[in-house]
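Bear in mind that the values in this text are calculations on the coordinates, not laboratory data. Given the structure is predicted, the values throughout are model-derived calculations rather than measurements. Ideal geometry is used to build each Cβ from the backbone, glycine not excepted, and the neighbour counts take in all protein chains shown.
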Amino acid sequence: MIYTSINIKAEERILDLRSISLKSKKDVRIFTEFLNSRDLEMDDDIDYAIVLEENEKIVASGAMSGSVLKCIAVDRNYEGEGYIGKIVTYLLLKAHHENSDHLFLFTKPENEAIFSDLGFYGIAKVDGEAILMENMKNGLADYLEKLSQKKVPGDKIASIVMNCNPFTKGHLFLIEKTAAENDHVHIFLLDENRSLFPADVRMDLVKKGTAHLENVTVHHSGQYVISAATFPSYFLKDSERIIDAHGRMDLTLFRDRIAPALGINRRYVGEEPLCPVTSHYNGLMAEILPSGGIELIVIKRKEQGDGVISASRVRKLIARDDFDAIAELVPPATLHYLKSPQAEPVIKRIKGLNT
Amino acid sequence: MRIVKRGIAGTLESSDVMITVSENTKGGIEIDLKSIVEKQFGKQIRTVIREKMEELDVKDALVEVNDKGALDCTIKARLEAAAYRAAGIQHVRWEEK
């Protein structure tokens, strides 16, 4: 009877691969329970999720959120059977059919080897906490290569990362001040199309609004600066622990790879008294950036009337159609856009959110 | 056959191989091989791929291979499927050999 154990191992397991219906409360509940049993959490921004089941019991899972693979897990009793490979294969092919080939994932450092075997490459690491991986061998290298072509010589090279949703006099003030204090300023404008104003509109308004400044270059932030890949919780209301891990990852990547490509040695940021995520991120900057020779400079926000100028204040005024007040807070190009027919759908959406 | 987009075939399961064929801006056939048996069969796998690409008359392509111990016939079949997809050819008349 020496073969008994071998027989059991050789026995074919019949597994079903199926997608989880995110609308079904029951499906979401069993999916969440499975993730929790593997020390993972279910995020709100998942586009679709799949599971491998044996007799209706989940043995492995995976999900997609934009270009980020999430919730990849396998039941302890089913490890080493290649089920993660099945899950990742399915997600890769599905993403490929949706024309999204450049994928990312966050995982614990001890899982690096598993995902490396599946064709992922580490691009940033927060020691002992997490590692960020992508599936394009030269993804980051190509981005840095493109960036470095815009490198400008000088002693004081500053950077600002901004969303400009929409571009206000507050943003302009920060950029003008930075431009006056430095040889050159590199602005990374967030590309992610998750803001009310579309990315191309925001880019256009920043370029027009800063055209008079000769030592300013505006870059697309791409996938590597506060994107849904490097910093998913910037766009989510995640738990503090996750926000912290994501923020550290984003800043480590900036410090170690992005900044050196352009010779950046200063990062400017507006004071953030309101948004807890941004204010925590600002705190992390002060902790992480200086070790890479990057000085953090916090600028007090420009005030107008009875408070600081902020994009959210402008959006509130847009909801009330108060264009006289808006004119005080935004540069001419932004005002011109807001009054144009192109802005109508955006304004409609802002009003929808404010009622 | 000209490669115009990204084509994928295969899986990451044991004894299979996942092959991605895409445009190579640098020109020529560039093979990016990752294999669990690279030490033993790396050379052989590269030869199989080069021969297949020659047979399909593909001159420029980036071939990314993530091999989980596939046999040569599997590698050839996966590569052929990936190449046809990357060339945007949907109806293939499989030849008898």
note = So A:GLU54 and A:GLU79, fully extended at 0.36 nm per residue minus their Cα-Cα distance, gain in nm 7.6 nm
Cβ charges +1 (Lys, Arg) and -1 (Asp, Glu), total dipole of chain A, debye = 920 debye
The stretch A:105-132 residues near the modelled B:GLU38 label - backbone nitrogen below 17 Å, point 7 Å along Cα→Cβ = A:112-123
key: Rough spin-label spacing in nm, given labels placed 7 Å along Cα→Cβ, for A:ASN215 and A:SER100   = 4.1 nm
query = Quick one: what does P(r) look like for the stretch B:1-89 with 5 Å bins over all Cα pairs, in whole %?
reply = 3, 17, 30, 27, 15, 7, 1
request  = Counting other beta carbons within 10 Å of each Cβ, put A:CYS275, A:CYS71 in order, fewest first.
outcome  = A:CYS275, A:CYS71
query = If you put +1 on each Lys and Arg Cβ and -1 on each Asp and Glu Cβ, how big is the dipole of chain B around its Cα centre, in Debye rounded to 20?
reply = 140 debye
ask   = Could you give the alpha-carbon Rg of the protein assembly as shown over 2.2 N^0.38 Å, rounded to two decimals?
value = 1.13
note = Rounded to the nearest 10 degrees, the helix A:344-354 long axis (Cα) sits at an angle to the longest Cα principal axis of chain A of 70 degrees
query = For B:ILE75, A:ILE14, what ranking results if the residue with the fewest other Cβ atoms within 10 Å of its Cβ goes first?
reply = A:ILE14, B:ILE75
remark   = If every Lys and Arg gets +1 and every Asp and Glu gets -1 at its Cβ, then about the Cα centre the stretch A:13-137 yields a dipole, in debye to the nearest 20, of 300 debye
key: Shielding by partners - mean other protein chain Cβ count within 10 Å, residues of A:244-254   = 0
message = Suppose only helical runs count, i.e. DSSP H with n ≥ 4. What mean residue ellipticity at 222 nm does that imply for chain B under -39500 (n - 2.57) per run, divided by all residues and rounded to the nearest 500 deg cm²/dmol?
response = -11500 deg cm²/dmol
message = Could you compute the net charge surrounding B:THR11? Neighbours are other residues with a C-beta less than 12 Å from the C-beta of B:THR11; K and R count +1, D and E count -1.
response = 0
query = Could you give the angle, 0 to 90 degrees to the nearest 10, between helix B:72-86's Cα long axis and the longest principal axis of the Cα atoms of chain B?
reply = 30 degrees
remark   = Given all pairs of distinct Cα atoms, the stretch A:13-137 yields a Kirkwood Rh in Å of 14.8 Å
inquiry  = Using Cβ counts within 10 Å as a stand-in for footprinting exposure, how do B:VAL17, A:VAL152, A:VAL68, A:VAL277 rank, fewest first?
reply    = A:VAL152, A:VAL277, A:VAL68, B:VAL17
remark   = For the pair B:LEU56 and A:ILE297, the simple spin-label estimate (label points 7 Å beyond Cα toward Cβ) gives in nm 5.4 nm
request  = For helix A:139-148, report the angle its Cα long axis makes with the longest principal axis of the Cα atoms of chain A; keep it between 0 and 90° and round to the nearest 10°.
outcome  = 20 degrees
note = Pseudo-spin-label distance A:LEU274 to A:ASP44, built 7 Å along Cα→Cβ, given in nm, is 1.8 nm
request  = Let me have the 222 nm mean residue ellipticity of chain A computed from DSSP H runs of 4+ only, each contributing -39500 (n - 2.57), with the sum over all residues rounded to the nearest 500.
outcome  = -11500 deg cm²/dmol
